[in-house]
There are 2 protein chains.
Amino acid sequence: MKHVDLDKLDRRILSLLQQEGRISNQLLAEQVGLSPAACWRRVRTLEENGIIQGYSARVNPEKIGQGLCVLLNLSLQRHSIDSTEEIEQQVSSYPEVLQCFAVTGNADFVLRVIVPDMASYDRFLNEKIFTLHGISQVNSNFALREIKNTETIPVEGLDQGGIDAPKTTNPRP
Amino acid sequence: MKHVDLDKLDRRILSLLQQEGRISNQLLAEQVGLSPAACWRRVRTLEENGIIQGYSARVNPEKIGQGLCVLLNLSLQRHSIDSTEEIEQQVSSYPEVLQCFAVTGNADFVLRVIVPDMASYDRFLNEKIFTLHGISQVNSNFALREIKNTETIPVEGLDQGGIDAPKTTNPRP
DNA sequence: ACTGAAAGTCGTTGCAT
DNA sequence: ATGCAACGACTTTCAGT
């Protein structure tokens, strides 16, 4: 199997740490029902396994003048399908690009771009997108409103996929 | 003006805290060139201003069996344009939906959905999307690869928007 | 607005179960 | 894999500049 199995306590820890990444280990331990030491060791293990990749401050983009969010659909010329790696590296290096996925459908890539305003977006396109080699189409969809924006991966009381019988023993092999 | 002006130190703090949300205040202070107390007060202020909205653990979805990411384009029937609020509330409540934006272009909404596998996505669509009232079109683009995925808002050495003259005084009004 | 020190709190380790 | 206990490190506050 590809992914790690987590017991109820690990999932609770992950859930709490996704909400409150700077919660003290003592409070965390209390809320999951463990001693601080036991809790700390579990967090440690989750970090070492790469399940917890790190911790971040969540910054409100509007409050620092980065209020324009754009979903950019990018298509490549078919003959440049092997120059994608260069494009991907370039795009990754742009701080305005928060997310980039290679996708099925009409476009080859979907990017989420964040900039202060339209003038900045215009500059971004002209300087950083239109200059890429092998681009065939660029389509910008502007975010009118943000309904939901979280990085909280579901871990608790949740569809675990597959059709496995529920496990009652050996929670952490 | 809508957004808050930050000086170089605040921007450095934001940058560091976005990368290492659990860095100790001492190290942070050291890296920005302040005393721990001064640094701590600035962080405090950034939190109180809502510039720092909170802290999160970054969880690797693949490692916990949430390996399928889908960009879902949702269109509404034109006559149900005022029942959007109900749809938005429902969609927000789904843990599989990490992001949802109202956008310009062909679709009305773009959602980023995360599930364990295709079977789960099938269930998600049937149980939580197709059951929404007022939907006209649903289009799923599957993420083949994740080129970049960060929530790190650009704050340092960066396009601040507009054409204002550079400020040299009054960094924190 | 910053520094430095004081007091309280917390993270981290080793040991026993 | 857990709990307890102890030490060192840290956060947070307050007076002084």
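The values are calculated or read from the model by the stated rules, or taken from the named source; none is laboratory data. Just so you know, these numbers come straight off a predicted model, no measurement behind them. Here the Cβ is made from the backbone with ideal geometry for all residues, glycine too, and neighbour counts use every protein chain on show.
Condition first: aliphatic (A, V, I, L, M) and near DNA strand C (Cβ under 10 Å from one of its atoms). Now tell me which residues in region B:24-56 satisfy that.
First pass over region B:24-56, keeping only residues aliphatic (A, V, I, L, M): B:27-29, B:32, B:34, B:37-38, B:43, B:46, B:51-52.
B:Ala29, B:Val32, B:Leu34, B:Ala37, B:Ala38, listed by residue number.
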* Qualifying residue in region A:53-67 (condition: in contact with a strand residue (DSSP E or B) (Cβ under 6 Å, 6 or more places away or on another chain), surrounded by 14 or more Cβ atoms within 10 Å (Cβ to Cβ), under 21 Å from B:Gly105 (Cα atoms) and modelled with pLDDT of 95 or more) -> no
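Filter region A:14-40 down to residues that are more than 9 Å from every other protein chain (Cβ to nearest Cβ) and either surrounded by 14 or more Cβ atoms within 10 Å (Cβ to Cβ) or not in a loop (DSSP other than H, G, I, E, B) (or both), then give me how many there are. Let's see the steps before the verdict.
Initial filter on region A:14-40 (more than 9 Å from every other protein chain (Cβ to nearest Cβ)): A:15, A:24-40.
With the extra rule that they be either surrounded by 14 or more Cβ atoms within 10 Å (Cβ to Cβ) or not in a loop (DSSP other than H, G, I, E, B) (or both), the set shrinks to A:15, A:25-32, A:34, A:36-40.
Residues meeting the conditions: 15.
Give the residues of region B:41-65 that are assigned to a loop (DSSP other than H, G, I, E, B), touching a helix residue (DSSP H, G or I) at 6+ places or on another chain (Cβ under 9 Å) and closer than 30 Å to A:Arg11 by Cα, sorted by residue number.
We begin by selecting, within region B:41-65, every residue assigned to a loop (DSSP other than H, G, I, E, B); these are B:49-51, B:60-61, B:65.
Then drop every residue that is not touching a helix residue (DSSP H, G or I) at 6+ places or on another chain (Cβ under 9 Å), which leaves B:49-51.
Scanning region B:41-65 gives B:Gly50, B:Ile51.
I want to confirm something. Restricting to region B:65-109 and keeping residues that are among the acidic types (Asp, Glu) and within 7 Å of another protein chain (Cβ to nearest Cβ), which single residue is nearest to B:Asp122 (Cα to Cα)? Walk me through it before giving the result.
Within region B:65-109, the first condition is being among the acidic types (Asp, Glu), and the residues that meet it are B:82, B:85-86, B:88, B:96, B:108.
So of that shortlist, the ones also within 7 Å of another protein chain (Cβ to nearest Cβ) come out as B:88, B:96.
Details: B:Glu88: 20, B:Glu96: 12 Å.
The selected residue is B:Glu96.
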